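S.K.: My questions will all concern the structure given below.
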Amino acid sequence: MPPARSAKHQAHYGDHRSHFRAFTDKAQSLHSEHLHRMFYRSLPLAFDRSIWYAAPFAALGFLAVLSTKAQIVNEDALRKVELPASDGLISCLVAMPDGHTILIGYTKGAPLRTIDTSGWNVVRTIPAASWPDGPRLEVSADGRIAHAFAQPRFADGRKDDPRVAHALIDPASGKTLLDFRAKDAALSRDGLTVAQLNDEELRIVQVSDGTVLNTIRVAGATNALAYSPKSDVIAVSHRTTEALLGTVPSVRNDKKAMKSALKFRQMVSFYSTVNGSLIGTVPEVYDIVRALAFTPDGTRLLVYNSNDPSAQGSTAVRSVFAMNLMAIPGRVDQVDVDSRTPLRAGFWSQMNEPFLAVSPSGSTIALSSSEGRNKRKLLLYDLASADTQVMIDLEQKHRCDTGEVEEHDGRLAYTWLADGRLVLALGNNLGILQP
């Protein structure tokens with residue numbers, strides 16, 4: 001197990017917890033429900049959700065998070081599991097459909113690992129591509145196919161994501177079934193096809209032999225796509241047009257806002273995978289859409305978007321070291337899929353592209369954030385209301401992380417198990433929360 005904390009550090013951390021709780025209690029006096037309603041639920045659908053435009057509301061949202069009567073869980077309260085050492089740090093965790101296995105990705109090109117949670121032992125190691133920052137992972141519903149892809153750093157303020165290496169892997173044998181490069185890609189839930197986005201071309205490719213089944217042209221396509229659970233719909237991010245902005249209440253009657261939106265903002269559309277037709281566009285503008293994800297039941301689309309570094313008032317950071325040293329502002333918005341209506345409940349994060357991890361029940365989203373170097377948090381929100389349920393506080397000094405073998409690069413990896421437990425990375429080891 002990780003080494004015990006020293007008496008000096010225990011005392012320091014006790015003071016930290018006391019001060020934090022005192023501040024939280026003070027914040028609760030600020031009429032939490034009123035603040036929360038102001039920030040999340042009383043905003044009209046026509047509200048301009050641009051992150052830099054909404055900066056005053058972001059500060060208010062921070063107070064709202066503190067002032068809700070959420071359970072605060074200290075890192076020490078997590079059940080700790082020690083894993084065999086790896087050459088890299090954990091970059092990604094994904095629960096396998098069997099309910100008792102986790103697939104783990106590492107930085108520095110270290111092999112992937114399959115972990116059996118019944119005994120927390122390594123079942124299999126899988127050679128990985130040389131991805132310095134580690135892969136992101138997703139798996140098919142039957143667990144036969146794993147999709148691994150390089151995770152680029154957005155902290156340097158790029159507007160457009162680069163093409164990165166993707167691989168479809170058989171987790172049982174470790175064999176690579178298909179590899180390719182794309183700006184983004186998504187595996188269908190049944191594992192039969194993979195959607196690949198490059199420039200304005202969206203391809204539906206058969207996993208078994210790489211045959212292109214359908215090609216969809218998406219004008220102005222940008223960085224992100226998501227496959228619906230039924231594999232019949234794909235959501236894609238793209239640039240705006242004057243015609244599309246005419247459907248957005250927040251900007252259509254404002255010439256200045258229209259001009260800015262055409263230059264700096266993005267939108268999301270749904271396409272049919274059966275015939276390639278456009279189903280419809282969400283009548284909302286977003287900042288740079290970095291990631292899209294459907295909830296497990298397919299009723300909602302999550303839209304993670306962050307600042308355009310070129311826009312006036314943008315807080316995006318251009319330094320390539322920013323992931324480790326600074327917080328990157330971003331927001332997760334929601335869309336009702338059936339009506340393609342933007343929803344009011346949204347979630348802020350100060351961490352570079354957090355995982356959009358929705359619980360198996362579909363009621364809760366886990367979203368990492370940060371208040372600066374070594375001040376990581378993991379917050380559990382009610383998906384429908386955006387109320388904060390739990391905050392896991394991982395803040396401690398770098399020397400304490402190092403002493404407890406919990407080194408990290410500023411990010412946080414986490415996943416839900418089928419039984420509702422939440423597993424998160426603590427350096428090379430794991431922490432488990434039983435909600």
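S.K.: Do any strands (runs of 3 or more DSSP E) entirely within region 338-435 hold 1 or more residues that are among the aliphatic types (A, V, I, L, M) and modelled with pLDDT of 85 or more, and if so, which?
M.R.: 341-349, 364-370, 376-382, 388-393, 422-426, 429-433
S.K.: So residue 197 fits all but one of (1) free of Cβ contacts under 8 Å to residues at least 40 places away in the same chain; (2) open to solvent by 60 Å² or more (accessible area, probe 1.4 Å); (3) not in a loop (DSSP other than H, G, I, E, B); what number is the exception?
M.R.: Result: residue 197 passes all but (2).
S.K.: If you don't mind, another one. Within region 158-169, is there a residue that is open to solvent by 30 Å² or more (accessible area, probe 1.4 Å), under 20 Å from residue 94 (Cα atoms), in a loop (DSSP other than H, G, I, E, B) and at pLDDT below 95?
M.R.: no
S.K.: Next question, about the same structure. What do you reckon, is residue 94 outside any loop (DSSP other than H, G, I, E, B), within 27 Å of residue 192 (Cα to Cα) and open to solvent by 30 Å² or more (accessible area, probe 1.4 Å)? Reasoning before the result, please.
M.R.: Details: outside any loop (DSSP other than H, G, I, E, B): yes; within 27 Å of residue 192 (Cα to Cα): yes; open to solvent by 30 Å² or more (accessible area, probe 1.4 Å): no.
Answer is no for this residue.
S.K.: Filter region 143-157 down to the residues that are modelled with pLDDT of 95 or more and of a type outside the set (Gly, Ala, Ser) and list them by number.
M.R.: Selection gives 144, 145, 147.
S.K.: Further question: Among all residue pairs at least 6 apart or on different chains, which show Cβ distances below 9 Å where the first residue, located in region 419-432, is at positive phi and the second is open to solvent by less than 10 Å² (accessible area, probe 1.4 Å)?
M.R.: So the pair list comes out as 420/359; 427/401; 427/406.
S.K.: May I ask you to list the residues in region 115-149 that are among the acidic types (Asp, Glu) and within 20 Å of residue 164 (Cα to Cα)?
M.R.: Let us first name the residues in region 115-149 that are among the acidic types (Asp, Glu), namely 116, 133, 138, 142.
133, 138 - these are the residues of region 115-149 that are among the acidic types (Asp, Glu) and within 20 Å of residue 164 (Cα to Cα).
S.K.: Restricting attention to region 260-278, and to residues there that are more than 18 Å from residue 159 (Cα to Cα) and of a type outside the set (S, T, N, Q), which single residue is surrounded by the most Cβ atoms within 10 Å (Cβ to Cβ)?
M.R.: Checking each candidate, the answer is 271.
S.K.: Quickly run through region 357-386 and pick out the residues that are open to solvent by less than 30 Å² (accessible area, probe 1.4 Å), closer than 22 Å to residue 335 by Cβ and of a type in the set (A, V, I, L, M, F, W, C). Walk me through how you get there before you give the answer.
M.R.: First, the residues of region 357-386 that are open to solvent by less than 30 Å² (accessible area, probe 1.4 Å): 357-359, 362, 364-370, 372, 374, 376-381, 383, 385-386.
So of that shortlist, the ones also closer than 22 Å to residue 335 by Cβ come out as 357-359, 362, 364-369, 379-381, 383, 385-386.
Across region 357-386, the qualifying residues are 357, 358, 365, 366, 367, 379, 380, 383, 386.
S.K.: Oh, and also: Looking at 222, 240, can you tell me which residue is surrounded by 19 or more Cβ atoms within 10 Å (Cβ to Cβ), touching a helix residue (DSSP H, G or I) at 6+ places or on another chain (Cβ under 9 Å) and farther than 14 Å from residue 340 by Cβ?
M.R.: 240
The values are calculated or read from the model by the stated rules, or taken from the named source; none is laboratory data. Predicted model only: the values in this text are computed from it and were never measured. With ideal geometry, Cβ positions are generated from the backbone for all residues, glycine too; neighbour counts draw on all protein chains shown. Only protein heavy atoms, including side chains, enter the accessible area calculation; ligands, DNA and RNA are left aside. Shrake-Rupley method; radii C 1.70, N 1.55, O 1.52, S 1.80 Å.
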